[in-house]
Amino acid sequence: MQILLTGASGAIGSQLAPQLAGEGHELRAFARDPKRVTAGCFDQIVRGDVLTGDGLGEALEGIELAYYLIHSMEASAEGEPFAERELRSAENFAAAARRAGLRRVCYLGGLVPSDRPPSEHLASRLAVEEALLASAPEALSLRASIVVSAQSRSFRFLVRLLERSPLLPLPDWRDFRTQPIDGRDVVAYLQAAGLSTAVEGRLVLDIAGPDAVTYGQLIQRIAGAMMVSRPAVELPFSLTPVASVVAASIAGEASELVGPLMAGLSGDLLANDEAARDLFPIQLHRLDRAISNALREWEEIEPLAAR
C-alpha cells in the first residue's frame, strides 16, 4: 500500500513510520523542512506546507492511505489565531485529498467533553476532524487525551514543571479526571486503524489508557517516577490566564501552547473507548509503565536534573 504521513517529523509520525515500513508498505513523507524528517524508512519526502497548500497535489498522488498528524498551537507572526490556521490547513488538505481520489485518511485528534462545551483548543481539534472526515470515503478520527511519551509536549511540560519548580501549585482543576495514553499505544492504534479491513465509511473513536486519574494524581505519579518531592499547594481557583503564563515561563514553553491546554482542564475528559477496544484488541500499557518508559527515553537524549 502507498501511504502518506504528514507530520512525519513529529513525535507520533516518527514512531509510526518504522512500524508501517516494517510491514512492507511504501511510505511518503510530507514536510515543510525535509531535513527534520529523521526516520530513514521513507521512500520519498515531498516538501510542502498545508497552510498554503503547496506540494499537497504531489504528495497525495497515487496515495491510498494518508495520516494527518499535523497540529500546531502557536499563532502566526501576523497574529492569526492558531484555530484559524489549523482549520485552513485541514481544509487545504481535504480539498487536495478529494482531487487526488484518496481512499482513506486517518487523523489523531483530542477527546471532547460530553458535559460541557469544548475549550478553544478542543473545539479547534473538532473542527479539523470534521473537515478531514469529509475528505475521503473512508475517514477515521482517533481522539486521545494526554499522550505520555518523551516527545509529547504536554507530558514534557509537566515534567519540566516538576523538575524546575520547588513548589507545586495545583489549581481547582486538579480533581478533574482524564485517561492518559502511552505514546506506543497511540502508534499501535493508528497503525491498526489505518490498515484495518474491518473499517468502512467514516468513524470516530475514543482511545485511552487503562487508568483514569485526576490531573493532580497524574502529576504526583510523574513526580514519583522522577523520585522528586514537591510540596503541593492546593488553590481554590484556577486563574488560568495568569497561571499559564507563569507555568510556561518556568517550564520553558510557549504560553500560546500552555494557555489553551490549561483552559481545557475545566472538567473530566474521559473516553468511551469500548468501540476502539472491540475493533482493535491492543494490549495497553498501564500509566506507571508509560511514565517510566517516557522518562527513560527522555534520559537517553538529555539528562533530567531532578533524577
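Kindly indicate which of Gln179, Gln151 is polar (S, T, N, Q) and crowded, with 20+ Cβ neighbours inside 10 Å.
Working: Gln151 fails: crowded, with 20+ Cβ neighbours inside 10 Å.
Testing whether each residue is polar (S, T, N, Q) and crowded, with 20+ Cβ neighbours inside 10 Å leaves just Gln179.
I'd like to check something: does the stretch 230-238 contain any residue that is small (Gly, Ala, Ser), part of a strand (DSSP E or B) and at pLDDT below 95? Break it down into steps so the answer makes sense when it comes.
Initially, the stretch 230-238 is screened for residues small (Gly, Ala, Ser), giving 232, 238.
In the following step, the residues that additionally are part of a strand (DSSP E or B) were identified as 232.
Filter again for at pLDDT below 95, leaving 232.
Within the stretch 230-238, one or more residues are small (Gly, Ala, Ser), part of a strand (DSSP E or B) and at pLDDT below 95.
Looking only at the stretch 68-79, decide whether some residue is assigned to a helix (DSSP H, G or I), touching a residue at least 24 places away in the same chain (Cβ under 8 Å) and out of contact with any helix residue (DSSP H, G or I) (no Cβ under 6 Å at 6 or more places or on another chain).
To start, the set of residues in the stretch 68-79 that are assigned to a helix (DSSP H, G or I) comprises none.
Within the stretch 68-79, none of the residues are assigned to a helix (DSSP H, G or I), touching a residue at least 24 places away in the same chain (Cβ under 8 Å) and out of contact with any helix residue (DSSP H, G or I) (no Cβ under 6 Å at 6 or more places or on another chain).
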Worksheet, complete the sentence: Those residues of the stretch 15-37 which are farther than 18 Å from Gly62 by Cβ and in a loop (DSSP other than H, G, I, E, B) amount to Gly22, Glu23, Arg32, Asp33, Val37
Fill in: Residue list for the stretch 115-126, filter: part of a helix (DSSP H, G or I), surrounded by fewer than 18 Cβ atoms within 10 Å (Cβ to Cβ) and without any contact (Cβ under 8 Å) to a residue 60 or more places away in the chain
Ala123, Leu126
Worksheet entry | Any pair with Cβ under 9 angstrom, 6 or more apart, that starts in the stretch 49-62 at a residue that is in a loop (DSSP other than H, G, I, E, B) and ends at one that is among the aromatic types (Phe, Trp, Tyr) | Val50/Phe30; Val50/Tyr68; Val50/Phe93; Gly53/Phe93; Gly55/Phe30
Discussion item. Go through (1) of a type outside the set (Ser, Thr, Tyr); (2) closer than 28 Å to Glu297 by Cα; (3) crowded, with 18+ Cβ neighbours inside 10 Å for Val105 and report which single condition fails.
Written reply: (2)
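Determine whether Gly209 is crowded, with 21+ Cβ neighbours inside 10 Å, assigned to a loop (DSSP other than H, G, I, E, B) and touching a strand residue (DSSP E or B) at 6+ places or on another chain (Cβ under 9 Å).
Yes.
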Discussion item. Can you pull out every residue in the stretch 187-230 that is under 15 Å from Leu269 (Cβ atoms), within 17 Å of the chain's Cα centre (by Cα) and among the aliphatic types (A, V, I, L, M)?
Written reply: Ile207, Ala208
Discussion item. Any residue that is in contact with a helix residue (DSSP H, G or I) (Cβ under 6 Å, 6 or more places away or on another chain), within 23 Å of His121 (Cα to Cα) and among the acidic types (Asp, Glu) - is there at least one of those in the stretch 49-62?
Written reply: no
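The values are calculated or read from the model by the stated rules, or taken from the named source; none is laboratory data. It should be emphasised that the depicted structure is a prediction, and the values quoted were computed from it without experimental measurement. Please note: Cβ atoms are built from the backbone with ideal geometry, for glycine as well, and neighbour counts cover all protein chains shown.
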